[in-house]
Amino acid sequence: MSENRLRLGLLFNFNPKWTGGIIYLLNAIRILNFLEDKDKPTVVVLYNPALKKYVDEINYPYMELVPHNFTSIYKGYVDSILKNKNVFVHDLVINHKLDAVFPMHDYPVKSKLNAKLVSWYADLQHMYYPQFFTKRKRLERNARIKLILKNSKDLVVSSQAVKDDFFKFFKVPKGLNIHIYHFVSIIEGLPDMTFDEIRAKYDLPEHYYMISNQFHKHKNHKVVFEAVAELKKKGIEVAIGITGRFPDEPDSPYMQELHDIINQNDLKKSIKFLGLIPRGDQFLLMKYCKAIIQPSLFEGWSTVIEDARSLQVPVIAANLNVNIEQLEEKGTYFEPHNVAQLVSILENYPNRDYSKQLYDSYENRMKAAAYELLSVFK
């Protein structure tokens, strides 16, 4: 049977600080566990040694783990053009007898390989918020995208909203197959702790909200902090638990802006920075919170909202097209810069009914996603 399995090469080569990319690919492997055994591919994980600790956490029955020192971006592009072959993957496909490779970010030339090389692009945030990127980074992103569109045959995007953006901002060749794969969150590794134990560990009250985003300006924590400040003026205390990796720079202007709101409005007891905590702890805190707040100005497909759906937790989200695509009528929405609107929502937000199933069943969603992903490589 193993000889007949599709051999899928997964390129696990992300910046170790990009939590979203790491979680995306780990889940892409884990979701395959929900396939019928006869349909499960052999997964060859070609990983950057700096990410070994994440690879070691994966549990999948038909998996080969291969450490690989990936070529640098600029050298890879120059060599590919000179040799007229995609050196990022050419030898990997041949040496490991791969039928398909994902996710491809670099496509400097067309490939003559028989393997199905599937590109992936998370979102086009830089087209909407260029001020969040350096000029060089915007040029690099656009050059990379144009080469993917020119030389690739298959591209995976995370949502209809991202697909629409590609047609809005770029000339998309008719021959390019754009696949929408809706990432889903697999819930594993919840610690054996009661609600009282987990909230005591992180010093949270019985009723609290959660924000679980990295501390980038477009994640828009500010609107929530300002809403909490306005509620306090009305005599309404709201507790927010915030997880996420803190910026590397000690003098981050964004963090300073957030701390200024806290200090000026005496919100230290209301807003708790929990930092980068174990994923199981994060899931458990989400599971018991009053609601998850997703105030981001831009998303390709929100991992946090998928966490909420898998955990059956309500979501209060910015009214982005992609968030509405994800949550439909199940979400509570606000304009991302409208503090008063968010204040009104939080002021009247009900306590949780934990017995209520808000979204489709976990097993059905996981299995549907697994076959949706597999169909991309067939």
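The values are calculated or read from the model by the stated rules, or taken from the named source; none is laboratory data. What you see is a predicted model; the values in this text were computed from it and never measured. Here the Cβ is made from the backbone with ideal geometry for all residues, glycine too, and neighbour counts use every protein chain on show. Just the protein is used for accessible areas: all its heavy atoms, side chains included, with ligands, DNA and RNA removed. Shrake-Rupley method; radii C 1.70, N 1.55, O 1.52, S 1.80 Å.
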TODO: Looking only at region 334-348, count how many residues are more than 21 Å from Lys217 (Cβ to Cβ) and open to solvent by 40 Å² or more (accessible area, probe 1.4 Å).
DONE: 4
- [ ] For Glu328, state whether it is in a helix (DSSP H, G or I) and free of Cβ contacts under 8 Å to residues at least 60 places away in the same chain.
- [x] yes
TODO: Just give me the residues in region 165-198 being more than 23 Å from the chain's Cα centre (by Cα), more than 28 Å from Leu374 (Cα to Cα), open to solvent by 60 Å² or more (accessible area, probe 1.4 Å) and not polar (S, T, N, Q), in sequence order.
DONE: Asp192, Asp196, Glu197
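May I ask you to say which residue of Lys168, Lys153 is out of contact with any Ser or Thr (no Cβ under 7 Å at 6 or more places or on another chain) and over 28 Å from Leu32 (Cβ atoms)? Reasoning before the result, please.
Working: Lys153 fails: over 28 Å from Leu32 (Cβ atoms).
Matching residue, one of Lys168, Lys153: Lys168.
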Open item on the list: Pairs please, first residue from region 114-133 and closer than 24 Å to Leu92 by Cα, second anywhere and part of a helix (DSSP H, G or I) and not polar (S, T, N, Q), Cβ atoms under 7 Å, 6+ apart in sequence or on different chains.
Closed with: Ala115/Val93; Lys116/Phe377; Val118/Val376; Val118/Phe377; Ser119/Ile148; Tyr121/Ile145; Tyr121/Ile148
Task: Within region 220-268, tally of residues that are open to solvent by 20 Å² or more (accessible area, probe 1.4 Å) and assigned to a loop (DSSP other than H, G, I, E, B) - done: 13
Open item on the list: Any residue that is in a strand (DSSP E or B), of a type in the set (Val, Ile, Thr) and surrounded by 13 or more Cβ atoms within 10 Å (Cβ to Cβ) - is there at least one of those in region 92-106?
Closed with: yes
- [ ] Kindly indicate whether Glu64 is open to solvent by 40 Å² or more (accessible area, probe 1.4 Å) and in a strand (DSSP E or B).
- [x] yes
TODO: Only residues that are in a helix (DSSP H, G or I) and open to solvent by less than 70 Å² (accessible area, probe 1.4 Å): list them for region 352-374, please.
DONE: Tyr362, Arg365, Met366, Ala368, Ala369, Ala370, Glu372, Leu373, Leu374
- [ ] Tell me which residues, restricted to region 28-67, are more than 20 Å from Glu372 (Cα to Cα) and touching a residue at least 40 places away in the same chain (Cβ under 8 Å).
- [x] Leu46, Tyr54, Val55
TODO: Filter region 269-290 down to residues that are part of a loop (DSSP other than H, G, I, E, B) and not charged (D, E, K, R) and give me whichever is nearest to Gln312 (Cα to Cα).
DONE: Cys289
Open item on the list: Which residue is nearest to the chain's Cα centre (by Cα), if the candidates are limited to region 199-217 and must be closer than 30 Å to Leu373 by Cβ and open to solvent by 20 Å² or more (accessible area, probe 1.4 Å)?
Closed with: Gln214
Open item on the list: Among the residues of region 274-285, are any aliphatic (A, V, I, L, M), open to solvent by less than 10 Å² (accessible area, probe 1.4 Å), closer than 30 Å to Pro130 by Cβ and at pLDDT 95 or above?
Closed with: no
Open item on the list: Can you tell me which condition Ile23 does not meet? The list is (1) assigned to a helix (DSSP H, G or I); (2) surrounded by 20 or more Cβ atoms within 10 Å (Cβ to Cβ), and all the others hold.
Closed with: (2)
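Just one of Ile211, Ile198 is within 24 Å of Gln125 (Cα to Cα) and at pLDDT 95 or above; which is it? Spell out the reasoning first.
Values: Ile198 fails: within 24 Å of Gln125 (Cα to Cα).
Step by step, each of Ile211, Ile198 is checked, and only Ile211 is within 24 Å of Gln125 (Cα to Cα) and at pLDDT 95 or above.
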- [ ] Considering (1) in contact (Cβ under 8 Å) with a residue 24 or more places away in the chain; (2) open to solvent by 50 Å² or more (accessible area, probe 1.4 Å); (3) out of contact with any helix residue (DSSP H, G or I) (no Cβ under 7 Å at 6 or more places or on another chain); (4) assigned to a loop (DSSP other than H, G, I, E, B), say which one Arg144 fails and leave the rest.
- [x] (4)
Task: Unique residue being within 22 Å of the chain's Cα centre (by Cα) and farther than 30 Å from Ser361 by Cα when the list is Asn59, Asn13, Asn69 - done: Asn13
